[in-house]
Structure formats: C-alpha cells, structure tokens
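Worksheet for the structure shown next.
The values are calculated or read from the model by the stated rules, or taken from the named source; none is laboratory data. All values derive from a computational prediction rather than experimental measurement. Glycine also receives a Cβ, built like all others from the backbone with ideal geometry; neighbour counts cover every protein chain displayed.
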Amino acid sequence: MQEAAECLRTLAHPHRLRIVEMLLDGSYTVGELAKACGIPSHMASEHLRLMRDKGFLELEKRGRRVYYYIIDSGLQNIMDCIQKRYAQEK
C-alpha cells in the first residue's frame, strides 16, 4: 500500500493529471505539454522529472527534440477511474 500511496501522491496535482491524460494519447515535448497546461516550460519539466523518477514516463530524443511518453501501463486504469468519478465536474 505504501507504493500505491506514493503513486497517488505523485499524481495528485492538476498539471500532472493533465500531462498524464495527454501522454496516454501519444508522445509530446515539454513545450507542447507546458502550453496545454498553461504553465512555463520549466514547471512542466519539473512535473515530468517527478513522474519520470517514479517510473511513470520515459523520454526519447528525436533530432533536437525530446518527447515524453508513458511506460507505466497502470496509469490508464488510474486515469479511467478518475475520469469516471470526476468528469462531470468539468
């Protein structure tokens, strides 16, 4: 249960939830994620670093760009649960 609590603590931020939601649909750069969240790139980078450190994400360099993508398949189930419960609040 400790690992589950750590996972949920890491995800417990609106910007990180939005980033995960986007990355479940494909890979994105820091700039693309920052723009979608309405935050500076350095803040998006910090959110991505935290989630990468927890093993949720990985990155891939394509030329001069770095793309992030989901590697933890369990995130889809967590997001499905969150969306079912809270989607009507949008």
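Numbers below:
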| read-out | value |
| --- | --- |
| Residue list for the stretch 50-62, restricted to those being touching a strand residue (DSSP E or B) at 6+ places or on another chain (Cβ under 9 Å) and either closer than 17 Å to L75 by Cβ or buried (at least 17 other Cβ atoms within 10 Å of the Cβ) (or both) | M51, R52, F56, L57, E58, L59 |
| Any chance L8 is assigned to a helix (DSSP H, G or I) and surrounded by 13 or more Cβ atoms within 10 Å (Cβ to Cβ) | no |
| Given (1) in a helix (DSSP H, G or I); (2) under 29 Å from Q2 (Cα atoms); (3) modelled with pLDDT of 95 or more, index of the condition K35 fails | (2) |
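A quick yes/no check of all residues on (1) of a type outside the set (S, T, Y); (2) outside any loop (DSSP other than H, G, I, E, B); (3) touching a residue at least 24 places away in the same chain (Cβ under 8 Å); (4) in contact with a helix residue (DSSP H, G or I) (Cβ under 7 Å, 6 or more places away or on another chain):
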residue: D25; (1), (2), (3), (4): yes, no, no, no
residue: G31; (1), (2), (3), (4): yes, yes, no, yes
residue: E46; (1), (2), (3), (4): yes, yes, no, no
residue: G55; (1), (2), (3), (4): yes, no, no, no
residue: K61; (1), (2), (3), (4): yes, yes, no, no
residue: L75; (1), (2), (3), (4): yes, yes, yes, yes
residue: A87; (1), (2), (3), (4): yes, yes, no, no
